[in-house]
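Undergrad: Let me give you the structure first, and then I'll get to my questions.
The values are calculated or read from the model by the stated rules, or taken from the named source; none is laboratory data. Here the structure is a predicted model, which means the values were calculated and not measured. Every residue, glycine among them, receives a Cβ derived from its backbone with ideal geometry; neighbour counts consider all protein chains shown.
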There are 2 protein chains.
Amino acid sequence: METWERLPVGLDTPALVVDLARVEANARRLQAEMGRRGIALRPHAKTHKSVRIARLQLDAGATGLTVGTLGEAEVFATAGIVDLFIAYPVWAVGPKAARLRALYERAPGLRVGVDSVGGAEHLGVAVRGAPGRLAVIIEIDPGQHRTGVPDPSSAVEVAAAARSAGLEVIGVFSHGGHSYRPGAAEAAGADEVRALVDGAEALEAGGFEVSVVSAGSTPTMLTAATGRVTEIRPGTYVLGDHQQVVLGAIPDDGCAAVVVATVVSVFPDRVALDAGAKSLTKDRPDWLDGYGAIVGYPDLVIERLSDYHGIVRAPEGVSRPALGEVVAIVPNHICPVVDLFDDFTALLPDGSAERWLVDARGRSG
Amino acid sequence: METWERLPVGLDTPALVVDLARVEANARRLQAEMGRRGIALRPHAKTHKSVRIARLQLDAGATGLTVGTLGEAEVFATAGIVDLFIAYPVWAVGPKAARLRALYERAPGLRVGVDSVGGAEHLGVAVRGAPGRLAVIIEIDPGQHRTGVPDPSSAVEVAAAARSAGLEVIGVFSHGGHSYRPGAAEAAGADEVRALVDGAEALEAGGFEVSVVSAGSTPTMLTAATGRVTEIRPGTYVLGDHQQVVLGAIPDDGCAAVVVATVVSVFPDRVALDAGAKSLTKDRPDWLDGYGAIVGYPDLVIERLSDYHGIVRAPEGVSRPALGEVVAIVPNHICPVVDLFDDFTALLPDGSAERWLVDARGRSG
């Protein structure tokens, strides 16, 4: 059950609120563990999309940032954070080719994911003539079956194409997204390590030097941080969400972000909140009930969402909020929720509050 | 099956594209039908959140706009569109009270929904001392069980509280959201009409003058536009979406908005698109397969979404797009999709394209 002590008063709901003491605790806890293991932490910034939260992570010892899109990379580079890995098979044609080249010239340490011969060729064309060689990392599918080459020989084939295109192959990466099920993290982490090691060994046998072996998702951030793995890239761990609590990936007090909502209508069987699908998203894995956990009301289920209504089933006899009451909701999945808000209320450790921007909001491409 | 003829070239994907010829055709078609019936059309602007699309609707004959939040109302009022109905039980305390009052002073024709005694009292306090009387419309639950008073006597009770609070009760409204199921529109529309008439008659018996009887959702925009109903408030009809096509609420060529995506990876069993949950949302009713319809590939299903990946199941032998191909996706539910984009590519009837803003993006409260 999620907890949350510090709900600010007088908020205009729905609002996104982030407790920075928890953010810092989450950042430090994982950083310390990775320090003990000698593994770099390169957090995925798609979760928070915030330059200031990114700086907290870097100050705590993160080696750089992971991002999911060229647009996110541009925002962080503009803010002066240039050690960036776009962990995505960017298809660099048209406007994206020009943007990638401009970004690379500003951030020559940039790393980009690649999982196809065609993708490698386009990346090569996009940066042709620029100083140095753009670093690429081959994506390996560890069993999630999303993107990533399916086997070591395909990794070598893509790496060879990248080298021919003038790119510098520096390693392999995976995302163990098949860990997003109760009880799946251990096997998914092992899958990541195995797929990465097989890929790395094949690349080395093919004459490539492998300096980066990068794994990770929040559920596998501990189980995949072992062996040859040099770096992990979890995103959600720093803000937390209901899904990660239920998966056991973070502690109950690891939830640093809530959507604050007001009860706008009450009925015998339900209450209506002013947070709907445009504040909470309809992200709900089939192993979770409802669209987020209402702090302090563990028996209530947010059963339905319209754009601006959250309908909470509240049978007689169950504790429920009153008309006008303000509640905190831990979203199921924080990443797409943050992307709905232009800014958030940051609660500082000293008790004050500030408005922080979601700098890379909407930068989905 | 959705169709779409005009996909612009050279777009940076993922992108939202709106065909204005279709927008105008959708606006005119419904306006003409309501003209024949003598019923006002007050479109719900939460669908497009665009001042320029709102102007198209008003130019076609719409009587004003419906909005879902105070924030949306503020954006349209700033643009000079002041005939606004906030069809939501606004809980006007703290910052919302001050915002409501400021809005009312700029837009004295404002109408606000109310469904509780407490809500009415707060609205009254918020506008106390301002010139005139704020118009409120009592929300009636037609069987969706979201918000709205459950029966006519509750409508009278809320109306009496509103009058005591210094507000002007002008009518009743409902939203037939239980029409969002195949085959449900006729009964849901009849539910709306019955609940509204019962509410209106009870208010009249209680000494209130009922000039507004307002129904509607896109599925019930025709079935509820009858009898005593004076106004309908559909939103989605003007942009269309996959859900409305499957429900039969709009024609196949009524889809005026698509998310354009690029194929970034291909595998024997699937292809990966660069449109994920942050471009398409995870809105998927249980009677729809997948997260949107890919135009031209009717047998493909967008089976899974990550933040930036759309994974399309593509078994052998089924027609599928190639690596690097650009496709158009008709989203399941256009309203939350539009809210993800800061702007969209508007295709003008003359073949040119412009960038139009989603002016009220993120204004969820």
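Undergrad: Among the numbered criteria (1) surrounded by fewer than 23 Cβ atoms within 10 Å (Cβ to Cβ); (2) within 13 Å of chain B (Cβ to nearest Cβ); (3) part of a loop (DSSP other than H, G, I, E, B), which one does A:Gly166 miss?
TA: It is condition (2) that A:Gly166 fails.
Undergrad: When you scan the range B:309-324, do you find a residue that is at the interface with another protein chain (Cβ under 9 Å from one of its Cβ atoms) and surrounded by 21 or more Cβ atoms within 10 Å (Cβ to Cβ), even just one?
TA: So far as the range B:309-324 goes, yes, one or more of its residues are at the interface with another protein chain (Cβ under 9 Å from one of its Cβ atoms) and surrounded by 21 or more Cβ atoms within 10 Å (Cβ to Cβ).
Undergrad: So, one more: So, in the range B:108-130, exactly how many residues are among the acidic types (Asp, Glu) and either out of contact with any Gly (no Cβ under 9 Å at 6 or more places or on another chain) or assigned to a strand (DSSP E or B) (or both)?
TA: Summing the residues that are among the acidic types (Asp, Glu) and either out of contact with any Gly (no Cβ under 9 Å at 6 or more places or on another chain) or assigned to a strand (DSSP E or B) (or both) in the range B:108-130 gives 1.
Undergrad: For residues in the range B:51-107 being of a type in the set (Ser, Thr, Tyr) and outside any helix (DSSP H, G or I), which is nearest to B:Arg363 (Cα to Cα)?
TA: For the range B:51-107, the residue satisfying everything is B:Thr69.
Undergrad: Say whether the condition of being surrounded by fewer than 22 Cβ atoms within 10 Å (Cβ to Cβ) and either modelled with pLDDT under 95 or of a type outside the set (Val, Ile, Thr) (or both) is met by at least one residue in the range B:227-239.
TA: yes
Undergrad: Out of everything in the range A:256-306 that is among the acidic types (Asp, Glu) and within 22 Å of A:Val245 (Cβ to Cβ), what residue ends up being surrounded by the most Cβ atoms within 10 Å (Cβ to Cβ)?
TA: A:Asp283
Undergrad: What do you reckon, is B:Val330 β-branched (Val, Ile, Thr), more than 14 Å from chain A (Cβ to nearest Cβ) and more than 30 Å from B:Pro95 (Cβ to Cβ)? Outline the logic, then answer.
TA: Details: β-branched (Val, Ile, Thr): yes; more than 14 Å from chain A (Cβ to nearest Cβ): yes; more than 30 Å from B:Pro95 (Cβ to Cβ): yes.
When the stated conditions are applied, B:Val330 passes them.
Undergrad: Something else: Are there any pairs with C-beta distances below 8 angstrom linking a residue in the range A:182-211 that is closer than 20 Å to A:Ser153 by Cα and among the β-branched types (Val, Ile, Thr) to a residue that is modelled with pLDDT of 95 or more and not in a loop (DSSP other than H, G, I, E, B), with the two at least 6 apart or on different chains, and if so which?
TA: A:Val193/A:Ala215; A:Val197/A:Val213; A:Val210/A:Ile170; A:Val210/A:Gly171; A:Val210/A:Val172; A:Val210/A:Ala200; A:Val210/A:Leu203; A:Val210/A:Glu204
Undergrad: For residues in the range B:65-82 being more than 14 Å from every other protein chain (Cβ to nearest Cβ) and touching a residue at least 40 places away in the same chain (Cβ under 8 Å), which is surrounded by the most Cβ atoms within 10 Å (Cβ to Cβ)?
TA: It comes out as B:Phe76.
Undergrad: Still on this structure: Name the pairs whose Cβ atoms lie under 7 Å apart, with the first residue in the range B:147-158 and facing chain A (nearest Cβ under 10 Å), the second among the polar types (S, T, N, Q), and 6 or more positions between them or separate chains?
TA: Close Cβ pairs satisfying both conditions: B:Thr147/A:Ser265; B:Gly148/B:Ser174.
Undergrad: Do the conditions hold for A:Ser279, that is, is it within 13 Å of another protein chain (Cβ to nearest Cβ), within 24 Å of A:Ser306 (Cα to Cα) and part of a helix (DSSP H, G or I)?
TA: yes
Undergrad: Moving to a separate point now. Determine, yes or no, whether B:Pro336 is of a type outside the set (Ser, Thr, Tyr), within 9 Å of chain A (Cβ to nearest Cβ) and within 30 Å of B:Gly68 (Cα to Cα).
TA: Against the criterion (of a type outside the set (Ser, Thr, Tyr), within 9 Å of chain A (Cβ to nearest Cβ) and within 30 Å of B:Gly68 (Cα to Cα)), B:Pro336 qualifies.
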